[in-house]
Amino acid sequence: MNDPAPGFRIRSMALNDVDGVLTLASSLPEAPHWPRAAYEGCLDPHAVVRRLSCVAEEATTGVLAGFAVASLNSPQSELESIAVAAEFQRRGVGGRLWRFLASALAEKGASEAFLEVRVSNRRALALYRSLGFTEAGRRPRYYADPAEDAVILRCILR
Ligand SMILES: CC(C)(COP(=O)(O)OP(=O)(O)OC[C@H]1O[C@@H](n2cnc3c(N)ncnc32)[C@H](O)[C@@H]1OP(=O)(O)O)[C@@H](O)C(=O)NCCC(=O)NCCS
């Protein structure tokens, strides 16, 4: 099969990625803006909530292109955050980040994944639908600033 995002490497997130992840997240208004401790917590194998995280880097330069974080509570899992830097969007990186996490989650016993997204976030909704997520429900006025409904999406992991 052709590589859907040639020129990018996907790997697990490491502690020294956190500065870049914070900078990337802060450059995208739609991305969740977690504090540093939350990302560091994702990398803690003893944390109460088990999380898997990964980053995409440009193969030639090592520049951070994107990242994703999911939580695992088998047999369920949740994609909590995914973001691709503006200059690298629409090159297949978001899809590859999710597929990397989805296969790791399935390997660890998850059979389905959920996520919440603002109803107005068309780019993210388009990505999730292209990856096989389907609508499982809505949460009215779930988000603040601006107030908005959340769409809950679900995907079966194989
Ligand atoms: C959502 C996001 C992660 C997508 O990342 P990406 O690397 O651009 O996505 P991909 O290139 O893998 O796109 C895969 C498919 O998703 C759909 N898609 C992605 N972006 C799209 C857009 N702007 N318009 C229409 N469809 C889009 C398309 O079907 C696309 O396949 P195609 O390019 O072959 O048509 C990125 O836009 C982003 O970081 N947005 C800001 C942060 C955010 O909203 N995160 C989600 C909320 S937590």
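The values are calculated or read from the model by the stated rules, or taken from the named source; none is laboratory data. A quick note: this is a predicted structure, and the numbers were derived from the prediction, not measured. All Cβ positions, even for glycine, are placed from backbone atoms using ideal geometry, and neighbour counts span all protein chains on display. Protein only, heavy atoms only, side chains kept; ligands, DNA and RNA dropped before computing areas. Shrake-Rupley method; radii C 1.70, N 1.55, O 1.52, S 1.80 Å.
Could you check segment 4-54 and list, in sequence order, the residues that are open to solvent by less than 60 Å² (accessible area, probe 1.4 Å) and part of a strand (DSSP E or B)? Answer for segment 4-54, where residues must be open to solvent by less than 60 Å² (accessible area, probe 1.4 Å) and part of a strand (DSSP E or B): Phe8, Ile10, Leu52, Ser53, Cys54. A Cβ distance below 7 Å, combined with a sequence gap of six or more or placement on separate chains, defines the contacts here; from segment 1-20, residues that are aliphatic (A, V, I, L, M) and at pLDDT 95 or above reach residues that are outside any helix (DSSP H, G or I) and surrounded by 14 or more Cβ atoms within 10 Å (Cβ to Cβ) in the pairs Ile10/Cys54; Ile10/Ala56; Met13/Leu43; Met13/Ser53; Met13/Cys54; Met13/Val55; Met13/Phe67; Leu15/Leu43.
Ser74 passes every criterion in (1) touching a strand residue (DSSP E or B) at 6+ places or on another chain (Cβ under 8 Å); (2) open to solvent by 30 Å² or more (accessible area, probe 1.4 Å) apart from (1). The set of residues in segment 123-144 being within 12 Å of the ligand (Cβ to nearest atom) and open to solvent by 50 Å² or more (accessible area, probe 1.4 Å) consists of Arg123, Ala126, Arg129, Ser130, Tyr143. Return the total of residues in segment 36-63 being among the hydrophobic types (A, V, I, L, M, F, W, C) and touching a Ser or Thr at 6+ places or on another chain (Cβ under 6 Å). Going through segment 36-63 one residue at a time, the tally reaches 3.
Where residues in segment 84-122 are within 6 Å of the ligand (Cβ to nearest atom) and either out of contact with any helix residue (DSSP H, G or I) (no Cβ under 9 Å at 6 or more places or on another chain) or over 17 Å from Ala68 (Cα atoms) (or both), which of them is least open to solvent (accessible area, probe 1.4 Å)? So the residue we want is Val93.
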